[in-house]
Amino acid sequence: MDQFIEQIVTGLSIGSILLLVAMGLSIIYGSMGIINLAHGEFVMLGAYTAWLFQSHFGLGLLASLVPIFIVVAAIGWIIERFVLSLLNNRPLDTILATWGVGIMLQQGVRLMVGSELRYVQLPQSLSDSMDVFGLSVSSYRVFLFTVTIALFAVTWILMNHTTVGMKLRAIMQDRSVAASFGINAKRVYGLTFAYGAGLAGLAGALVSPLKSVSPDMGTGYVIDAFMVVVLGGVQSLAGTVASAFILGELSGAIAFLQNDTVAKALVLLAIVVLIRFRPEGLFTTRVRA
Amino acid sequence: MGISRRTLMKNAAALGAFAGAGFPHVWIKNTDIAYAAGGEIKVGVLFSLTGTTAIIEESLNKATILAIEEINAAGGIKGSKIVPIVEDPASDPATFAEKARKLVIGDKCVSVFGSYTSASRKAVLPVFEHQNNLYWYPTLYEGRECSKNVIYTGAVPNQQQDEFVPWLIKKFGKKFYLIGSNYIYPKEENNYCKKLLQKYGGEVVAEEYVPLGHSEFSSVINKIRSTQPNVIFSTVVGDSVVALHRQYRAAGLDPEKMPMASLTTSENEVAAMGGDAAAGHFTSAPYFQVHKSPENERFVAAYRKRWGADKVTHFVSEACYFQTYLFKQAVEKLATSDITPPNIRDAVKGEETIAPQGRVRIEPENLHTWLWPKIAQAKSDGQFEILVEAKQWLKPLPYAAYPGQVCTDKGLIEKS
């Protein structure tokens, strides 16, 4: 029984990291229809910004979270404004452009700070483990879970209960009708992309104490993020949450029973099979086309 | 009257046969001269400067270049300068093979120093064997290879584990959790580890491999918690090492009760994960930066002066450094016209030098290196503390895990 609960908790922890990384992608992909291959690089930029704040300004991880969000969001906004907004309604070109931007960001970081692996210090107050249902769990992982849920709540409210969110949903339904009602689609898109990039940056900063920081770290994350979003169903935030935790529990359980190599293969296989029978993912929001 | 195509072909064939049979020495002599011409000896330096393993291979390039510059500054090899030709194989085995061909056939290098991963070594091996050239491989590796065209200056499993495993059993207990990355090196090391465990009464509570580049270790840590081993024996490589150590630390596990014992964690990896995550864990290797010897002090000082005061030296970069000196010694023994890859190989057999780790020697039988095993514990300042030093250098046995097989200068011999 103990082991069972332990497994559930582990799965929740893996799932929360997946959700954290996928949330930004889900927003951008779901609402703007942009397949953002530079997503992993936004995660990487967030991790490097955390490292930069820590090693050059002596700022701890917790104190630098807000500035990290702002920095990466600003970079995202610039990319949307000067690259992607010029490629309206050209989805293939957009994919290529984001891929190119990703490579440039990666090489840029490599040129500026070198290709050595970096690390970010665990916040002192969260470096212990704590009791959850009688199990000892890393405090930092509990913290990650809480932050992820909080970020999701904020995003949910932003999308469903604010004017910007309403405008975005209107544009998603029909851009030209929304524009004729006086909604500035360009501005809303810019902000949405910036928000998604900022979330990705936060994700990178938050996982950096547990993983290594390197210029090509984004590659792994972008794959994870796409798996979550595709499984959950595009345009469905709730679907993203569900699929992140399903994948987390699934890969945690298989890794425990077998090993991580098998887990990776089986989870991927499960997704492929599921998409074969439900191409729209687990959850779909019906939109009038 | 023109020459018909047929006569031309016949003549060409005759000329070919004539040249082949009549003047073989002409051709061989020509290649002889090419290897050490105009006061220059060309060598290839083949370490990745971009891609995933650039993180570590960059330091191997630096150590090799440092040694070459030192040798040249001291007058070169009998008046000839070593000219390094640096290629970047971009962490990709296929590119390794292509660049190796370029260095050996195109540039006519007399030797090539290169490779970190076993995959890249296996990829270049056919090039060096077909061309009968010489490859100098500085990395600790899994053994089980017996090429006449490679000089192996890193440790093989018996040199890292013979002392380490019994020491761990005595100090912490007999239950071992074997974890490695999923490729040939960790599996071979674990094969040998299991043999030693059997011999000394240890036991394996789990043997597990994670994908290369894996960074989510919570399931592994769960299993470690539930199996309660005395030692976590790790052959995880690359950025996974960093993730494993940092997550071990975040999970609140205690290195004093359940330490990780690694064959792959050097100063380089410790710098990447931070001293706080590495502190308390153990590594077995022939060299650590803190090793006290005049040669090592010189090496560390020269390395920092050349490449930056924040740089560390480690057990692979040390091998890069001393193997370049062994190359020099071997070439020095030869007359200028005799400088060819096979002659260098024969000259380096039994050759000794005082490396930063101590006196090392190339074993004539298998072209591996006699080394000085050490056991050390990582400290929070990013350096190690050496706890055990071998009293004698240890013979390399690349087939230690395979009792029926021995690597000799005539190749691999199967004993029935």
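The values are calculated or read from the model by the stated rules, or taken from the named source; none is laboratory data. Small disclaimer: the values here were computed from a predicted structure and weren't measured. Backbone-built Cβ (ideal geometry, glycine too); neighbour counts: all protein chains shown.
Miscellaneous remarks
- Per-region count, the range B:190-207, residues among the β-branched types (Val, Ile, Thr) and either facing another protein chain (nearest Cβ under 8 Å) or assigned to a helix (DSSP H, G or I) (or both): 0
- Residue count for the range A:219-252, restricted to those that are within 12 Å of chain B (Cβ to nearest Cβ) and not aliphatic (A, V, I, L, M): 8.
- Output for the range B:51-110, where each listed residue is within 14 Å of another protein chain (Cβ to nearest Cβ) and modelled with pLDDT of 95 or more: B:60, B:61, B:62
- Residue A:66 more than 14 Å from chain B (Cβ to nearest Cβ) and assigned to a helix (DSSP H, G or I): yes
- Considering each residue of the range A:32-47 in turn, at least one proves to be within 15 Å of residue A:105 (Cβ to Cβ), β-branched (Val, Ile, Thr), within 14 Å of another protein chain (Cβ to nearest Cβ) and part of a helix (DSSP H, G or I).
- For the criterion of being touching a helix residue (DSSP H, G or I) at 6+ places or on another chain (Cβ under 8 Å) and within 24 Å of residue A:69 (Cβ to Cβ), residue A:98 passes.
- Considering the range B:232-248, the residues that are of a type in the set (Val, Ile, Thr) and closer than 19 Å to residue B:279 by Cβ include one that is farthest from the other protein chains (Cβ to nearest Cβ), namely B:232.
- Every residue from the range A:74-128 that is under 19 Å from residue A:56 (Cβ atoms) and assigned to a loop (DSSP other than H, G, I, E, B): A:114, A:115, A:116, A:117, A:119, A:120, A:121, A:122, A:123
- Selection from the range A:100-119 of residues that are surrounded by 15 or more Cβ atoms within 10 Å (Cβ to Cβ) and either modelled with pLDDT of 90 or more or more than 13 Å from chain B (Cβ to nearest Cβ) (or both): A:101, A:102, A:105, A:106, A:109
- When residues of the range B:266-297 are limited to those that are within 14 Å of chain A (Cβ to nearest Cβ) and in contact with a strand residue (DSSP E or B) (Cβ under 8 Å, 6 or more places away or on another chain), the one farthest from residue B:53 (Cα to Cα): B:279
- All conditions in (1) surrounded by fewer than 21 Cβ atoms within 10 Å (Cβ to Cβ); (2) under 23 Å from residue B:405 (Cβ atoms) hold for residue B:137, with the sole exception of (1).
- Breaking point among (1) modelled with pLDDT of 90 or more; (2) closer than 23 Å to residue A:241 by Cα; (3) surrounded by fewer than 19 Cβ atoms within 10 Å (Cβ to Cβ), for residue A:144: (3)
- Matching residues, the range A:253-283, being within 20 Å of residue A:232 (Cα to Cα) and at the interface with another protein chain (Cβ under 8 Å from one of its Cβ atoms): A:263, A:264
Yes or no, residue by residue, for (1) under 30 Å from residue B:213 (Cα atoms); (2) β-branched (Val, Ile, Thr):
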position: B:50; (1), (2): yes, yes
position: B:53; (1), (2): yes, yes
position: B:70; (1), (2): no, no
position: B:75; (1), (2): no, no
position: B:92; (1), (2): yes, no
position: B:101; (1), (2): yes, no
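- Test: residue B:300 is in contact with a Gly (Cβ under 8 Å, 6 or more places away or on another chain), in a helix (DSSP H, G or I) and either away from chain A (no Cβ under 14 Å) or crowded, with 18+ Cβ neighbours inside 10 Å (or both): no
- Some residue of the range B:34-44 being assigned to a helix (DSSP H, G or I), within 34 Å of the chain's Cα centre (by Cα) and at pLDDT below 80: yes
- The strands (runs of 3 or more DSSP E) found wholly in the range B:333-416 and carrying at least 2 residues that are modelled with pLDDT of 95 or more and surrounded by fewer than 15 Cβ atoms within 10 Å (Cβ to Cβ) occupy B:352-355, B:384-389.
- Within the range B:208-231, residues that are facing chain A (nearest Cβ under 7 Å) reach partners that are buried (at least 20 other Cβ atoms within 10 Å of the Cβ) and of a type in the set (Phe, Trp, Tyr) with beta carbons closer than 7 Å, at six or more positions or on different chains, in the pairs B:219/A:256; B:222/A:256; B:223/A:256.
- Unique residue being closer than 17 Å to residue B:403 by Cβ and out of contact with any His (no Cβ under 6 Å at 6 or more places or on another chain) when the list is B:195, B:175: B:195
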